[in-house]
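These notes concern the structure reproduced below.
The values are calculated or read from the model by the stated rules, or taken from the named source; none is laboratory data. None of these values were measured; they are calculated from a predicted model. Glycine also receives a Cβ, built like all others from the backbone with ideal geometry; neighbour counts cover every protein chain displayed. Surface accessibility is based on the protein's heavy atoms, side chains included, excluding ligands, DNA and RNA. Shrake-Rupley method; radii C 1.70, N 1.55, O 1.52, S 1.80 Å.
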Number of protein chains: 2
Amino acid sequence: MFRITRCVKRMLLLPLVLVLLGGCQVLPESRTQSDAAAANIDNLMGTGDLGLVVERATGSLLVVNTSSHSVIRRIEGLGDLSHASVVYSRDARYGFVFGRDGGLTKVDLLTQSIVGRVIQSGNSIGGAISQDGRYVAVSNYDPGGVKVFDAKTLELAADIPATYTRENGETAQSKTVGLVDAPGNRFVFSLFDAGQIWILDMPDGTSRSEPELTRFDAGKAPYDSMITPDGRYYIAGLFGEDGLSMLDLWNTDAGVTEILPGYGKGEQKLPVYKMPHLEGWTVADGRAFVPAVGHHQVLVADMADWSLVDKIPVQGQPVFVMASPDNRRIWVSFAHPKNDVIQVIDSQTREIVRTLEPGKAVLHMEFTPRGEEVWVSSRDSNRVTVYNSYTLEPVAQLDAQSPSGIFFTNRAHVLGL
Amino acid sequence: MFRITRCVKRMLLLPLVLVLLGGCQVLPESRTQSDAAAANIDNLMGTGDLGLVVERATGSLLVVNTSSHSVIRRIEGLGDLSHASVVYSRDARYGFVFGRDGGLTKVDLLTQSIVGRVIQSGNSIGGAISQDGRYVAVSNYDPGGVKVFDAKTLELAADIPATYTRENGETAQSKTVGLVDAPGNRFVFSLFDAGQIWILDMPDGTSRSEPELTRFDAGKAPYDSMITPDGRYYIAGLFGEDGLSMLDLWNTDAGVTEILPGYGKGEQKLPVYKMPHLEGWTVADGRAFVPAVGHHQVLVADMADWSLVDKIPVQGQPVFVMASPDNRRIWVSFAHPKNDVIQVIDSQTREIVRTLEPGKAVLHMEFTPRGEEVWVSSRDSNRVTVYNSYTLEPVAQLDAQSPSGIFFTNRAHVLGL
Ligand code: DHE
Ligand code: DHE
């Protein structure tokens, strides 16, 4: 029988182990592009088990490996990452980082270096990459609108100011939120101030050669959104009223409809840091598990008619409510000040199976692609904890400086993330 | 603004373009491991947009790139690939190729070379990789059973002969089929001769340290199977009787139940080459689209109670019935002799949208991860055709020698493939 001697990989990992033992301060510095080119030879690796961890206070990223539970290198110089998110190129080599300061930075996971950076607005909130991987779109607060860039060059490909007419007749530009990619090389996003949902059809290299825009009236003050995994339903949460706005992308003629009419009912306006995030919205067995607004509850809705079927009491205001990829358990993170724990719910019995204490100020969690493990960031404990999704025991811990969002490269292959 | 000069990538692609113009005969020869090491420097690439195409007559594989629609290199020396399939390591760097002759070959997509090979049985039919990526399992006809290998070293990790007792009291070994990976580091497979379904729990590094086996009685002569994307339902097709065998892995105490009782009803035994494959079984809007057995039909079943809700007439006996990742269309390939076409069905109207003619003897199709394109192999036309999934027009064509299965690296991240 054959034996595979993976010496290249081993040599690569050895210094990392030492680094980890020594704490993250001694991580190799981020590389320049020419360092990176010279270092090609020791970088032969697959990109399927890599990811980026946002270090929100220092404007840096950790390139991590989910097979070896290790940090490969820190990349610095990304500006204000106080609320940053990441999407990936279709070869899973490049990450596009959306910074809070309007910075859009392209990083190379193989050389762990910055390969492009533009400051494209004054304040941005997130972004997406098109189905074909050719376009990266950014959702901006200021000036309100969406800008689309060529994923290879970061050249501007389309500029879509979110212009609308106020009740008093004035023209204004709305903050945009909840930007996602959808099938057919589309982007969909919501206008917070205008109460609208827009679809942006990008050229797909065959039928369309110019971007096209379609506008829909939606509910008041959409603050975030999600799209179902098949890319069919776009659902926006609303600050301004009860219920949610839903657009069926298979049947846009029907316009935006209201679902879960009781959602958020009877709430006073929440402080912004208590806003539930919709990314994690999750479906198990025809049921959607969603964070309640202003209640210490996870709501269970029937996807067939969007009626409320259950409320699960939890220990705080949920921020992210995420199903494990096998849909058996629902993992919940919480808003300040009760944000030092994660609660894990059984999707069948709807009971809390375990309350985990990963550290102080838990901000995000990300499952490994097939769901055997989940990575959790604890900002104020300066660490990322890796749990086995079945035993719920920690299996590894990594040093990180004020970590927030965690993003694995398999997102490259998933619609609407 | 910044410009990214991707000269490394461009230099890499140039020779390929020339190669393609000249036909696949002049492709660079497959590399030895030392060639491969020396060539590291020009191989810095992400592995997210790569794949392997099986060349069934020549025992070779093409390493392909789905972004540039190009062949990177041919790998030779894989033995009998007349019915081969592939799974990927969790870093999306290595492919594990299951040959018909019992060969299990590990190939490196970055160096385009063979890094390990074992002949592990006399005749095998497919395989799977465990959720954590540590184990590769192979389903064998002869000797009947499953062998499990360490994914790093290809050392034997478990040997599970499919032993059963015949009606006359004799002990025999059954052919095994329909091997899939399931959540919790399990493999599930069916015993063709024994009419059983077995679950093999592999060690998961925490709770279990020894493999564990659980046996279930199933219907007669299971010939292939599928598992739902969440890893919950394992469904086996039956040669020996009408209907299908289903095991709910969330509730194994309930044992195997029969679903779609009319499935295959009234059929005489089919010639083996007309066997529908269950891999592509597909769900859109709560409906499963499944190939009829011995009828020129695609059946539509309600997933809630597995009743038959519709039959869609098609031009031949379906082999693969696959939904596009956005669930809007169902793509159908056919059995000999009507296998020179693909039919595309609208999942909502259930009408045939288009009949495509990619070439002679269409054997397999594979969607790009986000579904914008689909690759189709035509064995007797020696080519792979790439279609835009929306316009249904061909966008590229690649030379290949008797191509059959096409497997993209995003399978690394998907349960049950
Ligand atoms: C609209 C919106 C998105 C979707 C972006 C897109 O289009 O892709 C988003 C995504 C995100 C994502 C990306 C989710 C994903 O899985 O893609 C993360 C990790 C995240 C972590 C946080 N968010 Fe977020 N977030 C807001 C809004 C949003 N957050 C807020 O309004 C709020 C309350 C205040 C603010 O900073 O603007 C807020 C606070 C937080 C946090 O406090 C979190 C928990 C930690 C942090 O920022 O350091 N938000
Ligand atoms: C049980 C089984 C599997 C699942 C394997 C696993 O456990 O992963 C399978 C998978 C497959 C897969 C992998 C599917 C996937 O998407 O993972 C492919 C491409 C495939 C292409 C063919 N199969 Fe297949 N196939 C059979 C059985 C099976 N085929 C047959 O019994 C049959 C009729 C005759 C035989 O050769 O054994 C048969 C003929 C064919 C073909 O003629 C096809 C179309 C072309 C070829 O082999 O060159 N079969």
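Could you list, in sequence order, the residues of the range A:213-229 that are open to solvent by 30 Å² or more (accessible area, probe 1.4 Å), touching a Phe, Trp or Tyr at 6+ places or on another chain (Cβ under 9 Å) and outside any strand (DSSP E or B)?
A:Lys220
Could you please find all residues in the range A:318-346 being closer than 22 Å to A:Arg383 by Cβ and part of a loop (DSSP other than H, G, I, E, B)?
A:Ser324, A:Ala335, A:His336, A:Pro337, A:Lys338, A:Asn339, A:Asp340, A:Val341
Would the range A:356-366 turn up any residue that is assigned to a loop (DSSP other than H, G, I, E, B), under 22 Å from the mean Cα position of the chain (by Cα) and closer than 30 Å to A:Arg186 by Cα?
Residues of the range A:356-366 assigned to a loop (DSSP other than H, G, I, E, B): A:357-361.
Of the ones still in play, those that are also under 22 Å from the mean Cα position of the chain (by Cα) are A:358-361.
In the following step, the residues that additionally are closer than 30 Å to A:Arg186 by Cα were identified as none.
Checked against the condition, which is being assigned to a loop (DSSP other than H, G, I, E, B), under 22 Å from the mean Cα position of the chain (by Cα) and closer than 30 Å to A:Arg186 by Cα, the range A:356-366 yields no hits at all.
What residue, of B:Val300, B:Val309, B:Val341, B:Val290, is aliphatic (A, V, I, L, M), modelled with pLDDT under 95 and within 16 Å of ligand 2 (Cβ to nearest atom)? Outline the logic, then answer.
Working: B:Val300 fails: within 16 Å of ligand 2 (Cβ to nearest atom); B:Val309 fails: within 16 Å of ligand 2 (Cβ to nearest atom); B:Val341 fails: modelled with pLDDT under 95.
Exactly one of B:Val300, B:Val309, B:Val341, B:Val290 is aliphatic (A, V, I, L, M), modelled with pLDDT under 95 and within 16 Å of ligand 2 (Cβ to nearest atom), namely B:Val290.
Would you mind finding the one in A:Tyr141, A:Tyr135 that is within 14 Å of chain B (Cβ to nearest Cβ) and aromatic (Phe, Trp, Tyr)?
Values: A:Tyr141 fails: within 14 Å of chain B (Cβ to nearest Cβ).
The unique qualifying residue is A:Tyr135.
For B:His83, are the conditions met, namely being over 27 Å from B:Ser225 (Cα atoms), touching a strand residue (DSSP E or B) at 6+ places or on another chain (Cβ under 8 Å) and open to solvent by 10 Å² or more (accessible area, probe 1.4 Å)? Don't jump to the end; show me each part of the working.
Values: over 27 Å from B:Ser225 (Cα atoms): no; touching a strand residue (DSSP E or B) at 6+ places or on another chain (Cβ under 8 Å): yes; open to solvent by 10 Å² or more (accessible area, probe 1.4 Å): yes.
It is false that B:His83 is over 27 Å from B:Ser225 (Cα atoms), touching a strand residue (DSSP E or B) at 6+ places or on another chain (Cβ under 8 Å) and open to solvent by 10 Å² or more (accessible area, probe 1.4 Å).
Among the strands (runs of 3 or more DSSP E) confined wholly to the range B:127-184, which include 2 or more residues that are in contact with an Asp or Glu (Cβ under 7 Å, 6 or more places away or on another chain) and buried (at least 18 other Cβ atoms within 10 Å of the Cβ)?
Values: elements: B:135-142, B:144-150, B:156-161, B:163-165, B:171-173, B:176-182.
Counting at least 2 such residues, we get B:144-150, B:176-182.
Across the range A:367-398, what is the total count of residues that are at negative phi and in contact with a strand residue (DSSP E or B) (Cβ under 6 Å, 6 or more places away or on another chain)?
Here is the first cut: in the range A:367-398, the ones at negative phi are A:367-370, A:372-381, A:383-391, A:393-398.
Subsequent filtering for residues that are in contact with a strand residue (DSSP E or B) (Cβ under 6 Å, 6 or more places away or on another chain) retains A:367, A:373-379, A:383-389, A:394-398.
Adding up the residues that qualify gives 20.
I need a count of the residues in the range A:295-317 that are in a loop (DSSP other than H, G, I, E, B) and either open to solvent by 30 Å² or more (accessible area, probe 1.4 Å) or within 15 Å of A:Ile342 (Cβ to Cβ) (or both). Outline the logic, then answer.
Keep residues of the range A:295-317 that are in a loop (DSSP other than H, G, I, E, B), which gives A:295-296, A:303-306, A:314-317.
Restricting the remaining residues to those that are either open to solvent by 30 Å² or more (accessible area, probe 1.4 Å) or within 15 Å of A:Ile342 (Cβ to Cβ) (or both) gives A:295-296, A:303-305, A:314-317.
Qualifying residue count, the range A:295-317: 9.
Matching residues to (1) farther than 20 Å from A:Glu366 by Cβ; (2) part of a loop (DSSP other than H, G, I, E, B); (3) at pLDDT 50 or above:
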residue: A:Arg3; (1), (2), (3): yes, yes, no
residue: A:Val8; (1), (2), (3): yes, no, no
residue: A:Ile41; (1), (2), (3): yes, no, no
residue: A:Val53; (1), (2), (3): no, no, yes
residue: A:Ser82; (1), (2), (3): no, yes, yes
residue: A:Val86; (1), (2), (3): no, no, yes
residue: A:Phe96; (1), (2), (3): no, no, yes
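Give me the pairs: first residue in the range A:68-89 and touching a residue at least 12 places away in the same chain (Cβ under 8 Å), second residue open to solvent by 40 Å² or more (accessible area, probe 1.4 Å) and of a type outside the set (Asp, Glu), beta-carbon distance under 6 Å, and six or more apart or on different chains, which are they?
Once the first residue is touching a residue at least 12 places away in the same chain (Cβ under 8 Å) and sits in the range A:68-89, its partners that are open to solvent by 40 Å² or more (accessible area, probe 1.4 Å) and of a type outside the set (Asp, Glu) give A:Ser68/A:Leu13; A:Arg73/A:Pro28; A:Asp80/A:Arg100; A:Leu81/A:Arg56; A:Ser82/A:Arg56; A:Ser82/A:Arg100; A:His83/A:Arg100.
Considering each residue of the range B:324-380, count those that are open to solvent by 40 Å² or more (accessible area, probe 1.4 Å), touching a residue at least 40 places away in the same chain (Cβ under 8 Å) and either away from every other protein chain (no Cβ under 11 Å) or of a type in the set (A, V, I, L, M) (or both), and give that number.
Qualifying residue count for the region: 6.
Which one of these does B:Asn388 not meet: (1) away from ligand 2 (no atom under 14 Å from the Cβ); (2) in contact with a Phe, Trp or Tyr (Cβ under 6 Å, 6 or more places away or on another chain)?
Only one criterion in (1) away from ligand 2 (no atom under 14 Å from the Cβ); (2) in contact with a Phe, Trp or Tyr (Cβ under 6 Å, 6 or more places away or on another chain) is unmet by B:Asn388, namely (2).
Which condition breaks for B:Pro203 when tested against (1) farther than 30 Å from B:Ser324 by Cβ; (2) within 13 Å of chain A (Cβ to nearest Cβ); (3) surrounded by fewer than 18 Cβ atoms within 10 Å (Cβ to Cβ)?
Every listed condition holds for B:Pro203 apart from (3).
I need the full set of residues from the range A:381-408 which are in a strand (DSSP E or B), within 14 Å of chain B (Cβ to nearest Cβ), away from ligand 1 (no atom under 12 Å from the Cβ) and not aliphatic (A, V, I, L, M), in order please.
Passing the criteria: A:Tyr387, A:Asn388, A:Pro394.
Identify the residue in the range B:64-76 that is away from chain A (no Cβ under 13 Å) and either in a loop (DSSP other than H, G, I, E, B) or of a type in the set (A, V, I, L, M, F, W, C) (or both) and, among all such residues, is nearest to ligand 1 (Cβ to nearest atom).
Filtering the range B:64-76 down to residues away from chain A (no Cβ under 13 Å) leaves B:71, B:73-76.
Imposing the further condition that a residue be either in a loop (DSSP other than H, G, I, E, B) or of a type in the set (A, V, I, L, M, F, W, C) (or both) reduces the set to B:71, B:75-76.
On the way: B:Val71: 35, B:Ile75: 37, B:Glu76: 43 Å.
Of everything passing the filter in the range B:64-76, B:Val71 is nearest to ligand 1 (Cβ to nearest atom).
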